[in-house]
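What follows is calculated from the coordinates using simple rules that are stated; it is not laboratory data. Every value quoted in this text rests on a predicted model; they were computed, and no experiment measured them. With ideal geometry, Cβ positions are generated from the backbone for all residues, glycine too; neighbour counts draw on all protein chains shown.
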Amino acid sequence: MDDSTFPLELVQAQREWNAAYEELARPRARRSTELRRTLLRLSVWIRWHPYWATSGAGPAARVRLREAARTRTGRQDVRSA
């Protein structure tokens, strides 16, 4: 894949997904129904983002998106190794 960055809105959505997942994973999480709905909504939004249709990205790019969401800037090189 020759694209060097993910769209910022895609990285932000992945960050929100991560935060909701971490909160839901806590013992006795409050708002569990709301968090599950948030995870579902974000999962669908991330999965069907137009980036995936235009980039030709596969499963490895989705892993790199999760890694990019954990970086400080939210941008990450997605060059093939």
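Report the gain in length on full extension from ALA60 to ARG37: 0.36 nm times residue separation, minus Cα-Cα distance, nm rounded to one decimal.
My answer for the length gained is 5.7 nm.
In the calculated pair distance distribution of segment 8-70, what percentage of Cα-Cα distances lie above 17 Å?
Details: 809 of 1953 pairs.
Roughly 41 percent, once rounded to a whole number.
Which whole-number percentage describes the relative contact order of segment 8-70, with Cα contacts under 8 Å and a sequence gap of 6 or more? Can you show the working numbers first?
Numbers: 33 pairs, mean separation 31.4, N = 63.
Relative contact order, segment 8-70: 50 percent.
What trypsin sites (Lys or Arg not before Pro) does segment 1-70 have in DSSP loop regions with at most 15 other beta carbons within 10 Å? Numbers along the way, then the final one.
Values: sites: ARG15, ARG28, ARG30, ARG31, ARG36, ARG37, ARG41, ARG47, ARG62, ARG64, ARG66, ARG70; in loops: ARG28, ARG30, ARG31.
Loop-located and lightly packed - ARG28, ARG30, ARG31.
Give me the dipole magnitude in Debye, nearest 20, for segment 8-70 about the Cα centre, with unit charges on the beta carbon: positive for Lys and Arg, negative for Asp and Glu. All intermediate terms of the calculation are to be shown ahead of the outcome.
Numbers: 13 positive and 6 negative charges, 53 e Å.
The calculation lands at about 260 debye.
Could you tally the net charge around TRP48, taking each other residue with its Cβ under 15 Å from the Cβ of TRP48, Lys/Arg +1 and Asp/Glu -1?
+2
At most 13 other Cβ atoms within 10 Å and a DSSP loop assignment: could you name the chymotrypsin sites (Phe, Trp or Tyr not before Pro) in segment 28-57 that fit? Walk me through the numbers on the way to the answer.
Working: sites: TRP45, TRP48, TYR51, TRP52; in loops: TRP48.
Within segment 28-57, the qualifying chymotrypsin sites (Phe, Trp or Tyr not before Pro) (loop, at most 13 other Cβ atoms within 10 Å) are TRP48.
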